[in-house]
Structure formats: C-alpha cells, structure tokens
C-alpha cells in the first residue's frame, strides 16, 4: 500500500490536482480507469474549483470513502449514517494531522474566496510555498491506514 501513497504524490508532481492525485492512486481498486478517476475528481482541486474551501486532497479522501462505504439505496438511512460516520472520522484525522480541512487555512490565506481559475505553474518555488504535496500524501496515508484497519 505504500506504493499507492507514493503514486498519489507522484501524480501531484506530474501536474494533476490534489483531489485527482488521491483518487487516481486508488481508483483501480474500485473498478475505475485512470481516466475516469481523473475526470470524476477534477473539480475538487484547489479547495473545490480553486475556491479554497474544503481541501481537494481531503475531498479525494472522502470520494474514496464513498466508493468503499457509500450506499446505493436512497432509503438506506443506516447506510448513509455509516458512510457519514466514516467521512467524519477521516476528516477529523486529516484535521488532527494538518490543522484544518480548509484549503485557505492550509495555504495560510486570510479567507476562503474564489481565486482566479488559472492554476499556478508548478515550479520549484510553487512546491516550496505550498503544503499541497504533504496534504496529498497525508490523505493517501490516512486512506491506506483506514483500509488496513477496516478491510
């Protein structure tokens, strides 16, 4: 499973967003192709569409929780509750390790507000000032630990 964590980090360093990197590293476990994983998680990068809301790496983690524990019956209240419980536990673990699940807070921005939609160039300076690689690694690690403990 360590390879999955490394894959998530590698994907981010290749230019994929934080959410895509986390989801694509595990997608094959749930029957999704690499391309499908990238598309379904694309909108969650940058704190959901670069709005700096919920961290994209955390969103990717929550998408994986849905693939693992989500219910498919709209009337299954117990199933929904079980999934929400997992998501809240994962969110708390992410928060505990990183201080927040909010992109703006993780980036040290004064408030979450929409930013220009153009992603920043991935330069050496970008990686120095952004904690995103660490967030991707932590989200993937939390998911691996969840799987090892529960599956």
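The values are calculated or read from the model by the stated rules, or taken from the named source; none is laboratory data. Here the structure is a predicted model, which is why all the values come from computation and not from measurement. Ideal geometry is used to build each Cβ from the backbone, glycine not excepted, and the neighbour counts take in all protein chains shown.
Odds and ends about this structure:
- Selection status of residue 109, surrounded by 12 or more Cβ atoms within 10 Å (Cβ to Cβ), at pLDDT 90 or above and more than 13 Å from residue 97 (Cβ to Cβ): no
Residue by residue, here is whether (1) at pLDDT 95 or above; (2) part of a helix (DSSP H, G or I); (3) at negative phi holds:
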position: 67; (1), (2), (3): yes, yes, yes
position: 75; (1), (2), (3): yes, no, yes
position: 78; (1), (2), (3): yes, yes, yes
position: 91; (1), (2), (3): yes, yes, yes
position: 94; (1), (2), (3): yes, yes, yes
position: 104; (1), (2), (3): no, yes, yes
position: 120; (1), (2), (3): no, no, yes
position: 136; (1), (2), (3): yes, yes, yes
position: 142; (1), (2), (3): yes, yes, yes
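- Search result, residues across region 41-65 that are on the phi > 0 side of the Ramachandran plot and buried (at least 19 other Cβ atoms within 10 Å of the Cβ): 46, 47, 50, 52
- Filtered residues of region 1-31 (kept if touching a helix residue (DSSP H, G or I) at 6+ places or on another chain (Cβ under 8 Å) and not in a helix (DSSP H, G or I)): 1, 16, 17, 25, 26
- Residues that are out of contact with any helix residue (DSSP H, G or I) (no Cβ under 7 Å at 6 or more places or on another chain), assigned to a helix (DSSP H, G or I) and closer than 16 Å to residue 103 by Cβ, drawn from region 32-51: 43
- Within the set 100, 21, the sole residue that is buried (at least 18 other Cβ atoms within 10 Å of the Cβ) and either in contact (Cβ under 8 Å) with a residue 12 or more places away in the chain or within 10 Å of the chain's Cα centre (by Cα) (or both) turns out to be 21.
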